[in-house]
Every structure is written in C-alpha cells, then in structure tokens.
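Taking it in order: structure first as structure tokens, then the write-up.
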Amino acid sequence: MNWLNLALACAALLLALALRPWRALDAAGPPWPWLAWWAALPLLWGADRYAAMPIVQPLSGAALLVLLAGWPLAMPALALTALITMMMGGLDAAEALQRFVWLGVAPATLAVIGGAAVRRWLPQQLFIYILGRGFFVTMLAAAGAGAVSLGLTGAPVGSDPADLLMARWLSASGEAFLTGMLVAIFVAFRPHWLATYSDRLYLRPLG
C-alpha cells in the first residue's frame, strides 16, 4: 500500500509540475481566499488525531481548492498540507503520505474528472456549475476516495468498516454542502476567485 501511495503521489506531483501551475499566478501571488482555505486544511485533515477519535472522519477540502486554484496548483499545495498535518498531528511519514493521496490527490482528481463530465454532458448554466460541480461532484469525489481508501487499507482495529463507510459518506455530504454554499457565494459576489468559473461559459440564458 505504501508503494501505491508513493507512486500515486509522485505521479500527481510530476504531472502538476509539468503543467507549470505558477503560470496561473500573477505578480501579486495567489488570491487570499484559496490561501485561507489551504491554511485551514491541516485542521481538517488531522481532525481525528486532534480529537483522539479514529471514528472522526477528516474532511478533504480538496474539491474546493481545485475550484479555487485549479488542479495543477492544488497538488503542491496539498503536499504542503500533508507535511503540516504530519507535524501538527504527530503522524509518521506513511500516514502523511496516505492522507496526501486519499484526502488530497484522489478527491481532487475525481473532482476534476467529475467537473469535466458535468461540463461535457450537462448544460453550461449557472445552477449546473453550483449544484453540479460545487455540490454533487464534491460529494461523489470525497465519498469515492474515502470508500476506495477504506477498501485498500481496511478499518482501524476495533472499528466496524460499515460504520466507517457510513461516516465517510456523511462527511462527504457535509463537505459538499459547505463547498456548494461557498461556491454559490463566490459566484454571486466574487466569481474571479474561482479559477474554474467563467461568465462567458455559464452566464447564458436558459432555453
């Protein structure tokens, strides 16, 4: 499993760097909203360690970071999140790598794939972007990554896999609600904060 995590992490980082994510930044640096969200991620990723309760399911937050910053820029940022979480939560390197892949790389990548599917097969309308990419894609990406991770690693000793799977689904639903709400607010008041949003694409009349 550690070799799989290492391979996925290296592949994601190498691909992200090959896409030269710094081109998306202007001279002023990253927009503060996604910097603020990124700064909050170590608190979300280490929630189970800080609470000393394995049943607590950490929120990913990766889907919103992708919506704000784009996938290539999100990958190195999520790698730093894993390092900070390792120091704050007392994780070993293997556990930090596990979280980088299954709380960062996997849901972020699934969110990109889901977003591409929404853009390809659904009408390019404002509510489709908010509900489709902001809510449903986030929920499916977080739940899917959590389910695959649980299937590969198994449940911690003393925990019921079915209970953990339900907890991850509920966690994904909560994250989707939060992401969808923030995306709706950003689209209404600060659409330029969303790297994946464009008025030209989504502000079209119905019909």
>> Given (1) over 19 Å from the mean Cα position of the chain (by Cα); (2) at pLDDT 90 or above, identify the lone condition not met by A51.
In response: (2)
> When the stretch 120-147 is examined, which residues are found to be over 25 Å from W102 (Cβ atoms) and outside any loop (DSSP other than H, G, I, E, B)?
Replying inline: R120, W121, L126, F127, I128, Y129, I130, L131
> Out of all the residues in the stretch 34-65, which are free of Cβ contacts under 8 Å to residues at least 12 places away in the same chain, among the small types (G, A, S) and outside any loop (DSSP other than H, G, I, E, B)?
Replying inline: A36, A39, A51
>> Can you report the number of residues in the stretch 98-115 which are within 11 Å of the chain's Cα centre (by Cα) and farther than 9 Å from A9 by Cα?
In response: 10
>> Any residue at all in the stretch 152-175 that's without any contact (Cβ under 8 Å) to a residue 60 or more places away in the chain, farther than 26 Å from L15 by Cα and of a type in the set (D, E, K, R)?
In response: yes
>> Scan the stretch 88-98 and tell me whether some residue there is assigned to a loop (DSSP other than H, G, I, E, B) and exposed (fewer than 13 other Cβ atoms within 10 Å of the Cβ).
In response: yes
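Inspect the stretch 66-85 for any residue being β-branched (V, I, T) and either touching a residue at least 60 places away in the same chain (Cβ under 8 Å) or in contact with a strand residue (DSSP E or B) (Cβ under 8 Å, 6 or more places away or on another chain) (or both) and give the result as yes or no. Walk me through it before giving the result.
As a first pass, look at the stretch 66-85 and keep what is β-branched (V, I, T): 66, 81, 84-85.
Next, from what is left, pick out any that are either touching a residue at least 60 places away in the same chain (Cβ under 8 Å) or in contact with a strand residue (DSSP E or B) (Cβ under 8 Å, 6 or more places away or on another chain) (or both): 66.
Checked the stretch 66-85: at least one residue is β-branched (V, I, T) and either touching a residue at least 60 places away in the same chain (Cβ under 8 Å) or in contact with a strand residue (DSSP E or B) (Cβ under 8 Å, 6 or more places away or on another chain) (or both).
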>> For the stretch 118-139, give me each residue that is closer than 14 Å to A184 by Cβ, polar (S, T, N, Q) and at pLDDT below 95.
In response: Q125
> Can you find a residue in the stretch 74-83 that is modelled with pLDDT under 95 and of a type in the set (S, T, Y)?
Replying inline: no
>> If I ask for residues that are of a type in the set (K, R) and under 25 Å from N5 (Cβ atoms), which ones from the stretch 84-143 would you list?
In response: R99
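If you check W3 against the conditions, is it surrounded by 14 or more Cβ atoms within 10 Å (Cβ to Cβ), within 24 Å of T153 (Cβ to Cβ) and among the aromatic types (F, W, Y)? Don't jump to the end; show me each part of the working.
Values: surrounded by 14 or more Cβ atoms within 10 Å (Cβ to Cβ): no; within 24 Å of T153 (Cβ to Cβ): yes; among the aromatic types (F, W, Y): yes.
Spelling it out, it is not the case that W3 is surrounded by 14 or more Cβ atoms within 10 Å (Cβ to Cβ), within 24 Å of T153 (Cβ to Cβ) and among the aromatic types (F, W, Y).
The values are calculated or read from the model by the stated rules, or taken from the named source; none is laboratory data. From a predicted model like this one, the values you see are computed outputs, not experimental measurements. We place every Cβ from the backbone using ideal geometry, glycine too, and count neighbours over all the protein chains shown.
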